[in-house]
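Encoded as structure tokens, the structure appears first; notes follow it.
The values are calculated or read from the model by the stated rules, or taken from the named source; none is laboratory data. All of these numbers come straight from a predicted model, not from anything done at the bench. As a convention, Cβ positions derive from the backbone with ideal geometry for all residues, glycine included, and neighbour counts pool all protein chains shown. Each accessible area value is taken on the protein alone, full model and side chains, heavy atoms only, with ligands, DNA and RNA left out. Shrake-Rupley method; radii C 1.70, N 1.55, O 1.52, S 1.80 Å.
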Amino acid sequence: MKQHKRAAAMSLALAIGLSACTAQKAPKTEQPEESGTVVKGEAIKDFVDWELAASEMETCLSIYSETRADLQVLVNLQSALLEVDNHGKLGPAVAKEWGSEDNGLTWTFRLRDDVTWVDVNGTFMANCVAQDWLTSMEWILNYHKNLSKNTSMLIPIIQGAKEYYEYTKELSEDEAKALRYDGKFAEMVGIEAPDDYTIVYHCLQNTPYFETLCTSACLYPLSQAQVDEQGVDAVFGQSNETMWYNGAYIMTQHIRGNSKTLTRNESYWDKDCTLFDTVTVRMVEDGNTDDTLFMTGEVDRCDLSESRLRIIYENENDEFHNNLVQKRAPSQCRVIQFNYNRMDEDGNPDVEWNTAVANEAFRLSLYYGLELTEYWSRFDFINPAACENLTFTTPGIVSFSDGTDYRDRVIELLDIGPDGRYDGTLAQQYKEQAMSELAGKVTFPVEINYYVPAGNQEEQDRATVLKEIIEALGTDYVKLNIGAYVSSVRQEILNPHLHSFTIAGWTADYGDPENFITQFMYQNDAAYFANGICYLKEITDPELIDTFKEYNRLCQVGNIIYDDMDARYEAQAQAEAYLISHALIIPIYRQSQWSLTKVNTYSQPYSGYGIQPYLYKNYETSTEPYTAEEYAKLLAQYEAE
């Protein structure tokens, strides 16, 4: 669609412009280009990355984790059935062949026979076989082994998964922990291993997207040989020194709060890929530290803070001015999610907010009335339009048979013009309608409560800008109160229902729009946002309930189609467009980040779903930082592939 194509074009032009404005500066090194390929310094052998200290790992067991902090490391230590490339295309990994002969009801995977498990020293421990995927699924569905983690994808999909989960929940802890894949599990659950190198999954219904689920933690393996040797409790609490590896790297060192060292696994099955000899992940306290570390040569990439970006961008003589590059946009599309049953601090319903937000005209006045350019500038003041977001679903999840991206179709259905969603005239009309319909029911201005982390000045500044944007609708109409939480937004704000709205996005578990649109389904126990942020089960307004019921119906129309994917995606797009056009949620931004880097981000694994974008595999790198001009060429080459 026009919107994000326009932003990409602006990014390309800005990258070239940044280079042009410093053309008079002599580059540090000058290398020839061959066949149009950008040639830089030597490839990096020992890569140094960084992560915020607040994102320290909490577990070394991938199937127990549902957080980025853990999985961005663990994905490098284990191999999946399938992998994505830098364009998001699924390809073979441990599974060399796979498919379904009955429209997604049964899926068969045939495995390589040269994948092995090794310990932290690289010593052979066992062959990786089909039964390791049965062991993993039994563990996940065994309540006393995995405490319900990663069950949400398996229970609705796999035959007998729900029944086995409920069965184990009723057992004692000792009884449940004694179970194996070849006992009661084999009788009840729809997964089998006819031989050591074949896995067959039996789905409850036709599941055309099942193969994309192979890139999520719920379908990663666990060695039965390790469980037999160490025991359930030891595996659950494993460290880098006791876990077994079949992935690209071994975590040879982990100093909590300080660093992690990943060393190339010499036994790794993929002999044709590009790996680093080592990857060191340094833990930093804040978003300014990585900037300094890059400039001193201690890390190989950094995401620039706004203050550092301004210093470099506004000074053409700055050493790194020519190296400012815009990162590939992350997959998440952030949206305003309303709390439809807000409580005050005494635990009483906030009747005025709950009444106002149930009114569609009130929500639509916000939908059309937020002129977000200044807010986007807080993320990317160079190119604010790169932050424009119009949907909940991310780009690249699926495409129609004619190549149209699903997200583009949603935008088309929303009928948003080339200038974006903001429409001051329409917003004013809805404001007047809302004030008329809510007269005598609420007191104006309606108070809106939004919370940011305490002590985070950057978030506070963004909230202040958002307050100005919202109150531009008229302080006679709305007032935004900015509050703060100390450590946990979930415990301090979301669970007690104190927020009027929060801003969040969704990282898909698998490659189908269903995984997005179901998150807001009414009276659906598996709908994460509906139950954990919006509190839809608690709404009482009849019109709002009817609106969500109609949304449910539209979702269900698409989700049951499996034999015509274009029809499936069209119905799902209609449902998402309904959700947004009724302002049940409001898309607000996609994060745009400027950086200094020695990594060609377009060479990295990329996908709108799963955990593999964190895999340090097949990176193109340079000992010399890339320039803006070079990055523009890399983007052009990537888009031409």
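Ordering LEU372, ASN322, GLY347 by the projection of their Cα atoms onto the charge dipole of the range 310-386, which places +1 on the Cβ of Lys and Arg and -1 on the Cβ of Asp and Glu, puts ASN322 at the extreme positive end.
Among the trypsin sites (Lys or Arg not before Pro) in the range 433-521, those located in a DSSP loop and surrounded by at most 12 other Cβ atoms within 10 Å of their own Cβ are LYS441. For the range 507-586, the convex hull spanned by the alpha carbon atoms encloses 91 Å³ per residue.
The order of the peptides 530-537, 412-419 by mean Cβ neighbours within 10 Å, most packed first, is 530-537, 412-419. Per 5 Å bin, what is the whole-percent P(r) computed from every C-alpha pair distance within the range 437-571? Calculated P(r), rounded to whole percents: 2, 9, 13, 15, 16, 16, 13, 8, 5, 2, 0. By the Kirkwood approach, averaging reciprocal distances over each pair of separate Cα atoms, the range 431-515 gets a hydrodynamic radius of 15.1 Å.
For the range 195-212, the Karplus equation 6.51 cos²θ - 1.76 cosθ + 1.60, evaluated at θ = phi - 60°, returns couplings of 8, 5, 10, 9, 10, 10, 9, 10, 8, 5, 9, 4, 10, x, 9, 3, 4, 5 Hz by residue, with Gly and Pro reported as x. Expressed as a whole percent, the accessible surface of the chain that belongs to carbon and sulfur atoms is 46, based on a 1.4 Å probe.
For a Förster distance of 56 Å, can you work out the FRET efficiency between the beta-carbons of ASP228 and GLU468, rounded to the nearest 0.05?
0.35
Assign one of three labels to the range 108-267, namely rounded, prolate or oblate, based on the Cα gyration tensor with a ≥ b ≥ c the square roots of its eigenvalues; rounded applies when a/c is under 1.5, prolate when it is not and a/b is larger than b/c, and oblate otherwise. It is prolate, given that a/c is not under 1.5 and a/b is the larger ratio. In this simple spin-label model, placing a label point 7 Å from the Cα along the Cα-to-Cβ direction at both LYS89 and SER401 gives a separation of 2.1 nm. Both radii come from the Cα set of the range 262-401: Rg as radius of gyration, Rh as Kirkwood radius; their ratio Rg/Rh reads 1.10. Cα extents for the range 353-443 along the principal axes, largest to smallest and rounded to whole angstrom: 51, 34, 23. Over the range 517-558, the alpha carbon radius of gyration divided by the compact-protein estimate 2.2 N^0.38 Å works out to 1.05.
The magnitude of the dipole of the range 240-332, with charges of +1 and -1 set on the Cβ of Lys/Arg and Asp/Glu and taken from the Cα centre, is near 380 debye. Solvent-accessible surface of the range 449-537, taken per residue with a 1.4 Å probe and all protein chains present: 37 Å². The Cβ shell under 11 Å around TYR209 holds other residues with a net charge of -3, Lys and Arg each +1, Asp and Glu each -1. The fraction of Cα-Cα pairs per 20 angstrom bin, counted from 0 for the chain, comes to 18, 50, 30, 2 percent, rounded to whole percents.
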